[in-house]
Amino acid sequence: MALPSVWSVMRVAIPFISVVGLLSVRLAGASQDSGSVIPAESRPCVDCHAFEFMQRALQDLKKTAYNLDTR
């Protein structure tokens, strides 16, 4: 049985990771009480969170690609 190429794995993994990230952000936001609002000045921006999430996702994909290449 042939192993899937790195590109086919990435083509499936990137949208999957994006959907899971969006769902987890919505679930985390829904669980906050309305009385515990953090002022916008002290919160990191949404773009910063998205950038950090995508960096971690790319690192995971690199590890997966490396593991597939070494097999």
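The values are calculated or read from the model by the stated rules, or taken from the named source; none is laboratory data. All of these numbers come straight from a predicted model, not from anything done at the bench. Note that we place each Cβ from the backbone using ideal geometry, even for glycine, and neighbour counts take in every protein chain shown.
Being at pLDDT below 65 and either surrounded by fewer than 10 Cβ atoms within 10 Å (Cβ to Cβ) or within 17 Å of residue 17 (Cα to Cα) (or both) is the filter here, so list the residues in segment 28-53 that pass it.
Here is the first cut: in segment 28-53, the residues at pLDDT below 65 are 28-35.
Of everything in segment 28-53, those that are at pLDDT below 65 and either surrounded by fewer than 10 Cβ atoms within 10 Å (Cβ to Cβ) or within 17 Å of residue 17 (Cα to Cα) (or both) turn out to be 28, 29, 30, 31, 33, 34, 35.
The C-beta contact set for segment 15-40 (first residue of a type outside the set (Asp, Glu), second residue modelled with pLDDT of 55 or more and not in a helix (DSSP H, G or I), distance under 9 angstrom, 6+ apart or interchain) comprises 32/38.
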